[in-house]
Structure formats: C-alpha cells, structure tokens
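Here the structure is laid out as structure tokens; the discussion comes afterwards.
The values are calculated or read from the model by the stated rules, or taken from the named source; none is laboratory data. All values reported here derive from a predicted model rather than from experimental measurement. With ideal geometry, Cβ positions are generated from the backbone for all residues, glycine too; neighbour counts draw on all protein chains shown. Calculation scope for accessible area: heavy atoms of the full protein, side chains included, ligands and nucleic acids excluded. Shrake-Rupley method; radii C 1.70, N 1.55, O 1.52, S 1.80 Å.
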Amino acid sequence: MVDQFRSPQHTPYANASARGVLIASRILGIVAVASVIAAAGLLYPLIGILLLAGFQGFLLAFAIWRAVLVRFSRTPPPAPPIPPYWPRYTIMAALYREAVILPQLVQRLSLIDYPRDALECFLLLEADDHETIEVARGLRLPDWMRVVVVPAGSPQTKPRALNYGLAMATGQFLTIYDAEDSPDPNQLKEAASRFMAEDRSLACLQAPLRIQRKHRAVVPSHILDRQFAAEYASLFEVVLPGMARLGLPFPLGGTSNHFRVDVLREVGGWDAYNVTEDAELGFRLWRHSYRLSTLSSPTWETPPGPFRLWLPQRTRWLKGYLQTLAVHLFQKGLGPRGTFAMCVSLIAGLVAASIHGFALAAVSTIALLGIMAFKMPDLTPVATAVLLTGYMSSWITAKIGTKRIGLSYSLWDMAIAPLYWGLLTLAFFHALVRLVVQPHMWDKTPHLPDIPVHDLETPLTTRRYSNAHAGREAV
C-alpha cells in the first residue's frame, strides 16, 4: 500500500546549512587562495622550496597518522551486554528510479533479525518516480514495511526525503539503507545493544560498508571495482574504526548509519542542500557535543561500475566534502580535536584528490625524459623517499583493510592504485565546476541489475543475539 502523506513541504528537521551563494563563495575563495599560493611557488623559487618542503612534511605526517590508525583499529570495542528488551527501531531507504532493484531490497531487509513488533520501515519514493511507485504497488510487503511518497519539492535530494521520513519515525533508534544494500541480519541488534549500554552522548554508530559482486557485472569494470573495494576496506576497516577508538569525529558513510532519533531531531536532521549529507552530519553531531563510533556487523554493497558511473559518484562526494568544509570551518564548536579530525579526513582527502593527478603526471614525465636521455630520472632521493612513503602508507592501509575482511590486494592492485588515485584529480575539478553551476544537483548512481532477483542469498552470518520480542526480557 502506498501512503501519500499531506505533511508540509519542509519538515521541522530540515537543516539547510549548505544552501545559498555564501557557501559556494567560501569554497571558491579557499580554492582561489590555494591557487595563488601554488602560483607563487612556481614564480618564486624560495616559496616553491618552502611549499615543497611543506608538502613533503604533510606526506610524512600523513603516513605516521595512517600507522596510528592501523594500531588503534586493531582492537574492536567490547561486546555490549544483551539489553532487557529490544527497543523500537525505524529503517528508512530513500529511493529514486530504483524499480529494478526494489524487490531485491525488500527481500534483503526482510532478512533482518529483529522483533517485527518493534520494527518499522519506510521506503521513501519521490512523487515523480512513477515506475518505482508502480513496482511498489505490486509487491507484497511485510506488515512492518510501507511505501511513503514524498511530495514534490526542492531540492529533490536524498536528505530531503530522509527528513520527511524522520518527521514520521516512531522508533527510539533509526538507520538508513541504500537500494543496493545487503545488511548483516545482526546489525540492528548490535546497534541497539550498543546504544542501550551507553549514555546518550553516543549519538551515532556507523556500520562497515563492504564491496562485493556476487555475479558478473552487466558492464565489466574489474579494475575500478577492485580499487573501489580496497578503498572502502581501507576506510571502513581501518580509518573510521581507528578514529572512533581515538574518540574523534569522522565523516559518516552514506548508508548504515544508526542514530538516536531524539538526538537526530535535536541537531536538525539531515542537511537537504548538502550532497554528502552523511559526512556533514558526523561533524555536526560532534559540534553539539555528541560522540560517534563504529559497529562490526557489515553492510554489503555493489561497486558503482564503469568510469562513466564512477565519476559522477566521486564528483558528488568531493563536492559535498567542499560544502561540508565551507560550513563547519566557519562555525564555532568543532574544537581542537574536531578541527584535527576534519583536517585528517576531509581536508586531507580533498588535497590528495586535487594533486594526485599532477604528481603522477610530473613523476611520469621526469621518468620518461630520463629514459629518453638514457640516464636515471632526475628525482632527488628525498623527494622520491617521501613520495614512496606516502604511497606505502596508502598501500599498507588498503592491504590491512582487505585482509581483515578476506579480500585480496595483490601487487598488481598496488601498481594500478596510483592511476586510480590520479582519476580523483579529474573528479575534484569536475566537482568545482559543478559546485558553481549546479551546487545542489544530486548525481545519482544508477544501480545496474547485475544481481538476479531469484538469487538473493545474503552472506552467511551467525546469530549472536536473543530472539526476544520487544518489551520482553532478552534471554
């Protein structure tokens, strides 16, 4: 059954901090200052030497930071005690043009191990998405799941739809999933146990996202798929758990975030104008004195696919990181630790994306000129050592992350990685252009039907929690 709710267009939880010309002006101002500094380094040798030394220092510091994260991410948080009852939980999935994959999502969400009388799920569909609405009308949904049509409005983004759902949520806790997700059936019980065992300052738990294809892709993209999987393993198995153990905030992933509903409403819900509303919300929770942590129960996803689909997704991420940076760097409340966390996550990621391609081009050109002149490339030992140190830190982090979840990361993958990182520079400058001409345009990633609906096996997991119903003592 499809419900057409008649609520106001703007819910009371709709945050709009990334809206307007001011945010874009701040971002372009930051980029302009960075460009002037870079130009000065090219024109004046002394400034260039200082900039090069600073960049080398940045790479060394970043390598040390990665080593710290590897060390602290090794120790998972202690298993929480089983709560006396399972609290009410809300699941939301904001979908747009997902008619092909919707039946798969419904079946996978139905595998979640949680008392049905304590569960509600909203499949949030846009009013102009007639095809997906029609498919939804033909599905036999569990009684705890319903389809909600979000009224037409602007901006037509995922966070706006999530805010609409948040206004109706009756759960004590809430999580969101994407169309292609396959969550571990134990995930909600682990999150509920963690929330119930800790005080209200723990506002959000991020589940690890793991990339896999269970079947051959419609459009082959093996190299991008493997690099994307390694990148996710590095982020969700090493970087985010390490930052959580150190008590630092971090940018949330776009799915499988678990929240306390009252806290989420208190801080204003999702920013409907930020195209990476997840990353922004992680730092906003910190600014309101709340903590973030991570879970062990994963969610499996498929990679975006070929370059024509990878590029718009990465462009949106980088554009959203720029929006988040412009919002939070100009507001009070982050504090030294929050500012440090933003520097080593968002700023470091943006800086790396902006220069990877140029660094790769410069090194390749110098090496090629040396080969053509039948002599060793004109690379100083210090610069070479620093560059390799930076690369090694990323390689090692990816190797450890993939090993922890049983994926391979071969020498061939390592050799290809710099080329993959170089593509980030293209995405970065594409993001700058889109920020000016389409600041709030949501570059949706289409989910290819490469997993037949008749083969929906979720990876095997072991039940770790009680089957007690809501309101009853867990045993």
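When you scan the stretch 38-57, do you find a residue that is modelled with pLDDT under 95, assigned to a helix (DSSP H, G or I) and under 27 Å from Val275 (Cβ atoms), even just one? The answer is yes; a qualifying residue exists. Across the stretch 269-293, the number of residues qualifying as aliphatic (A, V, I, L, M), outside any helix (DSSP H, G or I) and over 10 Å from Thr324 (Cα atoms) comes to 2.
Which of the residues spanning the stretch 397-436 are among the small types (Gly, Ala, Ser) and either within 30 Å of Ala32 (Cα to Cα) or open to solvent by 30 Å² or more (accessible area, probe 1.4 Å) (or both)? Please lay out each step first, then the result.
Initial filter on the stretch 397-436 (among the small types (Gly, Ala, Ser)): 398, 401, 406, 408, 410, 415, 417, 422, 427, 431.
Hits for the stretch 397-436 are Gly406, Ser408, Ser410, Ala415, Ala417, Gly422, Ala427, Ala431.
For the stretch 82-122, which residues satisfy the criterion of being surrounded by fewer than 21 Cβ atoms within 10 Å (Cβ to Cβ), within 19 Å of Val150 (Cα to Cα) and of a type in the set (Ser, Thr, Tyr)? Once the filter is applied, which keeps residues that are surrounded by fewer than 21 Cβ atoms within 10 Å (Cβ to Cβ), within 19 Å of Val150 (Cα to Cα) and of a type in the set (Ser, Thr, Tyr), the stretch 82-122 yields only Tyr96. Evaluation of Glu277 against the conditions (1) crowded, with 18+ Cβ neighbours inside 10 Å; (2) farther than 24 Å from Arg19 by Cβ shows that the sole unmet condition is (2).
Give the stretch 92-126 a look and list any residue that's within 15 Å of Leu162 (Cα to Cα) and part of a strand (DSSP E or B), or say none. Of everything in the stretch 92-126, those that are within 15 Å of Leu162 (Cα to Cα) and part of a strand (DSSP E or B) turn out to be Met92, Ala93, Ala94, Leu95, Glu120, Cys121, Phe122, Leu123, Leu124, Leu125, Glu126. Checked against the criterion of being under 30 Å from Lys158 (Cβ atoms) and part of a helix (DSSP H, G or I), the stretch 78-91 has no qualifying residue.
Sort through Phe72, Phe62 and tell me the only one that's within 30 Å of Ala385 (Cβ to Cβ), open to solvent by 10 Å² or more (accessible area, probe 1.4 Å) and either in contact with a Leu (Cβ under 7 Å, 6 or more places away or on another chain) or assigned to a strand (DSSP E or B) (or both).
Working: Phe62 fails: either in contact with a Leu (Cβ under 7 Å, 6 or more places away or on another chain) or assigned to a strand (DSSP E or B) (or both).
It is Phe72.
May I ask you to verify whether Leu202 is surrounded by 19 or more Cβ atoms within 10 Å (Cβ to Cβ) and either β-branched (Val, Ile, Thr) or over 21 Å from Gln313 (Cα atoms) (or both)? In short, no.
Filter the stretch 131-185 down to the residues that are of a type in the set (D, E, K, R) and either assigned to a helix (DSSP H, G or I) or surrounded by fewer than 18 Cβ atoms within 10 Å (Cβ to Cβ) (or both) and list them by number. Please lay out each step first, then the result.
Step one: of the stretch 131-185, the residues of a type in the set (D, E, K, R) are 131, 134, 137, 140, 143, 146, 158, 160, 178, 180-181, 184.
Across the stretch 131-185, the qualifying residues are Glu131, Glu134, Arg137, Arg140, Asp143, Arg146, Lys158, Arg160.
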